[in-house]
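To keep things clear, I will list the structure first and then write my remarks on it.
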Amino acid sequence: MTEVRYNWTKKEIAEIYHRPLLDLVYEAASVHRENKDYSEVQISSLISIKTDGCPEDCSYCPQAARYNTGVETHSLMKLEQVKEAAQKAKDSGASRLCMGAAWREVRDNRDFDRVLDMVKGVNEMGMEVCCTLGMLTEHQAARLADAGLYAYNHNVDTSEEYYGNIIHTRTYDDRLHSLATIRNAGLSVCSGGIIGMGETDEDRIGMIYTLANLSKYPESVPINALVPIEGTPLANQKRVSVWEIVRMIATVRTTMPKAKVRLSAGRTEMTFSDQALCFLAGANSIFAGDKLLTTPNPDYDTDHRLFKTLGLKVLTPDPDGPHASPENA
């Protein structure tokens, strides 16, 4: 059985990352089969509960107020709208609903109270509930946990060394502090990043190094391929190849063997064969639905055909919740 470790060196991760691709995929697939039912894949749904107007300057994000991207602005959704979206996702096979708000940080106000009601409402529907709302305090994290939140997403995005090229309004240490706050509240941690922002292989290795060496690595690690959006500073970035995505997934699977490795943004550019290789390399979670916050994504019918073609099974929610059976304990 593959050993769970939290003391990886960058040299060790680099050695894994740079292996010949077929060897890397074979080894990652072997690790995956040791630790998970490789044919089970979790379907998650991601909705934007508050869109546009974010004060941050993340170079990839169409919701930053300073960029003119044509994103349609909408204020915080109503509880019934969220529950309707959750029911649609559940009926289509999703076991997790992630709610994202274009905030820099959570504020203790009526909007946060409304989010707590959303968390309670979706939790009562028998779905895992995840939020991504920006930075938060220990008290806010505790309130979310008390409301029934299963997981909190807070990506590190890239390596510590490259981070300053992408974001200037929040530090890397801010990100790590938020992850510690989430973990201390007893919530499941979802944290990954984006490739294709101009970073090097060493930066990708550095991001994995950060996540794999946390006090406890994330239960969920989303790997996003940049979707260039007109109006953002990264609008002209060349899309990454499927081989780069597979290499990232396989390295994450090898270093964080019990995590859910989420094949996230960028799937619209991938064929069924491309995605099959990602699943073989260790991906066991996807976002489904025709939109990820504001970027395109395959619809549920397409993903159902994908699962049928590959013989994949849909993973059901954890009935005991995040506190009872940590995935990488």
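For the chain, the 222 nm mean residue ellipticity estimated from helices alone, with every DSSP H stretch of n ≥ 4 adding -39500 (n - 2.57) and the total spread over all residues, rounds to -11500 deg cm²/dmol.
Counting only lysines at least 8 places from K83 when in the same chain, those with an alpha carbon closer than 21 Å to its own are K50, K120, K291.
Measuring between their Cα centroids, the stretch 83-118 and the stretch 212-227 lie 21 Å from each other. Full extension of the chain between E161 and H139 yields a length gain of 4.9 nm, computed as 0.36 nm times the residue separation minus the alpha carbon distance. In the stretch 145-240, Rg over Rh equals 1.00, where Rg is the alpha-carbon radius of gyration and Rh the Kirkwood radius from pairwise Cα distances. Specify whether the C-alpha gyration tensor of the stretch 1-138 places it in the rounded, prolate or oblate class, a ≥ b ≥ c being the square roots of the eigenvalues: rounded for a/c under 1.5, otherwise prolate if a/b is larger than b/c and oblate if not. It comes out prolate by the Cα gyration axes.
Split the accessible area of the stretch 116-208 by element, probe 1.4 Å, and carbon with sulfur accounts for 45%.
When +1 charges are put on Lys and Arg Cβ atoms and -1 charges on Asp and Glu Cβ atoms, the dipole computed for the stretch 10-114 relative to its Cα centre reaches about 220 debye. Applying a 4.7 Å Cβ-Cβ cutoff to the chain, the cysteines left without a disulfide-compatible partner are C54, C131, C190, C278.
Which of rounded, prolate, oblate describes the chain, given a ≥ b ≥ c as roots of the alpha-carbon gyration tensor eigenvalues and a/c under 1.5 marking rounded, otherwise prolate only if a/b is larger than b/c? Rounded, because the longest to shortest axis ratio a/c is under 1.5. From the square roots a ≥ b ≥ c of the eigenvalues of the alpha-carbon gyration tensor of the stretch 78-233, which class results: rounded (a/c under 1.5), prolate (a/b over b/c), or oblate? Prolate shape, in that a/c is at least 1.5 and a/b is the bigger ratio.
Using only side-chain charges placed at the Cβ, +1 for Lys and Arg and -1 for Asp and Glu, the dipole size of the chain relative to its Cα centre rounds to 280 debye. Solvent exposure of the stretch 81-234, expressed per residue, is 36 Å² of accessible area, with all protein chains present and a 1.4 angstrom probe.
Split the chain at each of the GluC sites (Glu not before Pro) in a DSSP loop with at most 13 other beta carbon atoms within 10 Å, and the longest piece is 125-229.
Annotation: the antiparallel percentage among DSSP beta bridges lying fully within the chain is about 10.
The values are calculated or read from the model by the stated rules, or taken from the named source; none is laboratory data. All values reported here derive from a predicted model rather than from experimental measurement. Ideal geometry is used to build each Cβ from the backbone, glycine not excepted, and the neighbour counts take in all protein chains shown. Surface areas here come from the heavy atoms of the whole protein model, side chains and all, with no ligands, DNA or RNA. Shrake-Rupley method; radii C 1.70, N 1.55, O 1.52, S 1.80 Å.
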